[in-house]
Amino acid sequence: MDMKERTISSFEAILESLDRDSRTLLYNLWYHGHLNISQLRELIDAPSDFAIIDKLERTINRTALEITGRPLVAFRECCTDPSSGRKIFYNWWLVDEEEFAGMEEPLIDLFEEKDSIAIITQLRSAVDMTKAELSMKNGILMIRLKKKK
């Protein structure tokens, strides 16, 4: 079975595992490529944006992770629509196989507190925290960590 057949088979398995509303959201994301939260909410007459986020993250992506080992939908602040070439802001996108394989964007959160700033990130490799190098230039913080061997 080649990659395209595996992708179609996995997509069908995910669809079969989802409830009707989640299938509706996923089908429309597949058809359109991307939709904003209001469009998604209207599709299933959801009571709130949070209900949509719950369906996308806790139902669709959780099912996709169980079946394929990767999420199937992702939120993007800004992305170029490949069919129109237009920049699209604040939409949910169907993540295709090639995009997922090439994703190198780390998850990162920054919290500014009264007396401190906390940076939380997910790392793909184990690192040695005892050898952290910090530098700051022109308001840009760089943190360099050595990978554990």
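For region 16-62, which residues satisfy the criterion of being among the polar types (S, T, N, Q), over 14 Å from the mean Cα position of the chain (by Cα) and over 13 Å from N91 (Cβ atoms)?
Once the filter is applied, which keeps residues that are among the polar types (S, T, N, Q), over 14 Å from the mean Cα position of the chain (by Cα) and over 13 Å from N91 (Cβ atoms), region 16-62 yields S17, S22, T24, S48.
Name the pairs: first residue in region 125-149 and under 18 Å from I108 (Cα atoms), second residue assigned to a strand (DSSP E or B) and acidic (D, E), Cβ to Cβ under 9 Å, at least 6 apart or on different chains?
Final answer for the pair search is M142/E133; I143/E133; R144/E133; L145/D128; L145/E133.
Restricted to region 42-91, and to residues that are within 17 Å of W30 (Cα to Cα) and among the charged types (D, E, K, R), which residue is surrounded by the most Cβ atoms within 10 Å (Cβ to Cβ)?
In this case the residue turns out to be K55.
Is at least one residue of region 92-108 surrounded by 11 or more Cβ atoms within 10 Å (Cβ to Cβ) and modelled with pLDDT of 90 or more?
Yes: region 92-108 contains one or more residues that are surrounded by 11 or more Cβ atoms within 10 Å (Cβ to Cβ) and modelled with pLDDT of 90 or more.
Could you grab me the full set of residues in region 49-62 that are modelled with pLDDT under 95 and either in contact with a Lys or Arg (Cβ under 6 Å, 6 or more places away or on another chain) or of a type in the set (S, T, N, Q) (or both)?
Passing the criteria: only N61.
The values are calculated or read from the model by the stated rules, or taken from the named source; none is laboratory data. Keep in mind it's a predicted model, so treat the numbers as computed, not measured. Neighbour counts run over all protein chains shown; Cβ positions are idealised from the backbone, glycine included.
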